[in-house]
1. Provide the percentage of antiparallel DSSP beta bridges, counting only those with both residues in the chain; round to the nearest 5.
2. Starting at 0 and stepping by 5 Å, how many percent of the alpha carbon pairs of segment 156-249 end up in each bin?
3. If you build the convex hull over the alpha carbons only and average its shadow over all orientations, what do you get for segment 18-121? Give it in nm² to one decimal.
4. Taking only Cα atoms of segment 86-197, what ratio of Rg to Rh do you get with Rh as the Kirkwood inverse-distance radius?
5. First obtain the Kirkwood hydrodynamic radius of the chain from its Cα pairs, then insert it into the Stokes-Einstein equation at 37 °C and 0.692 mPa s, and state the resulting D in µm² per second as a whole number.
6. Can you tell me which of 40-48, 207-215 comes out highest on packing, and rank the rest after it, using the mean Cβ neighbours within 10 Å?
7. Report, for segment 8-133, the % of DSSP beta bridges that are antiparallel, rounded to 5.
8. Could you calculate the contour length gain from residue 104 to residue 4, that is, 0.36 nm times the residue separation minus the distance between their Cα atoms, to one decimal place in nm?
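The values are calculated or read from the model by the stated rules, or taken from the named source; none is laboratory data. None of these values were measured; they are calculated from a predicted model. When we count neighbours, we look across all protein chains shown, and the Cβ atoms used for this are built from the backbone with ideal geometry, even at glycine. These area figures cover heavy atoms from the full protein model, side chains too; ligands, DNA and RNA do not enter into them. Shrake-Rupley method; radii C 1.70, N 1.55, O 1.52, S 1.80 Å.
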Amino acid sequence: MAARFAAAGPAAGFRVEHFGETAAGPLIALTKRTPGPRPRIYLSAGIHGDEPAPPLALLELLEAGRFDGRANWFLCPMLNPNGLARGTRENADGLDLNRDYKDLQSAEARAHVGWLQRQPNFTVTLSVHEDWESTGFYLYELNPDQRPSLAEPIIAAVTAVCPIDLSPLIDGRESKGGILRPVSDPLLREKWPESIYLRASHTTLTYTIESPSAFPLAQRIAAHRAALETAITLTVRDWRKTPANPPAAAP
Ligand SMILES: [Zn+2]
């Protein structure tokens, strides 16, 4: 997978950076800037090593040329190389990296935060996951400024390729139509997942999208692809409606 990212990145016009090293390989970031004002879209995957569909979905989109001139791109596709190599959720020290973005006990999360601090703010962030317990696709949204939501269109697009988890309670949290919008202030949580760090420091719109591990790999990848393609299309469309610099007031 790492070799495929290393080949597909430059072929699609991306710069490939190593921002950390682990026993199982480097932590990689792929970035691409398009000239002119564009939305900045951040995507991450592979923070849980037992979730192979998310990095594979990003790889397929990269190889298909879908990260094109519509945006500036920031990809961290394999955030837990040790876990991915061993097929474990945690890293080699048994740490769940996606609970480590406040305490930064792991070298991986520290290196990732260091890299993020060198990046500009993002228009939207999309963290891609799988869930072993869910009966279908679902997503979390953090949208404190009430920006136009991408949640319903994402769910509508995924419906064509994968069932949606319609349970009223997912992961112990209230859910509606496969959409979780946590009501309590996420910054007060004791352990921070990547998305809460992103919300605190880099963006006002985050999504965590989850495909059901019980379904075939190809279907999970298709669900992620449908979700991400929709999120990207709408982000580009909505961003055009709001110019980066508002016109000067008439004299
Ligand atoms: Zn996960």
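1. Of all bridge pairs located within the chain, approximately 50 percent are antiparallel.
2. P(r) over segment 156-249, rounded to whole percents: 2, 10, 15, 19, 19, 17, 9, 4, 2, 1, 0, 0.
3. Working: hull surface 26.3 nm².
So the mean shadow area of the Cα hull is 6.6 nm².
4. Numbers: Rg = 15.4 Å, Rh = 15.9 Å.
Over the Cα atoms of segment 86-197, Rg/Rh equals 0.97.
5. Working: Rh = 18.3 Å.
Rounded, D is 179 µm²/s.
6. 40-48, 207-215
7. Values: 10 of 19 bridges.
The antiparallel proportion sits near 55 percent.
8. Values: separation 100, 0.36 × 100 = 36.00 nm, distance 2.89 nm.
Answer, rounded to one decimal: 33.1 nm.
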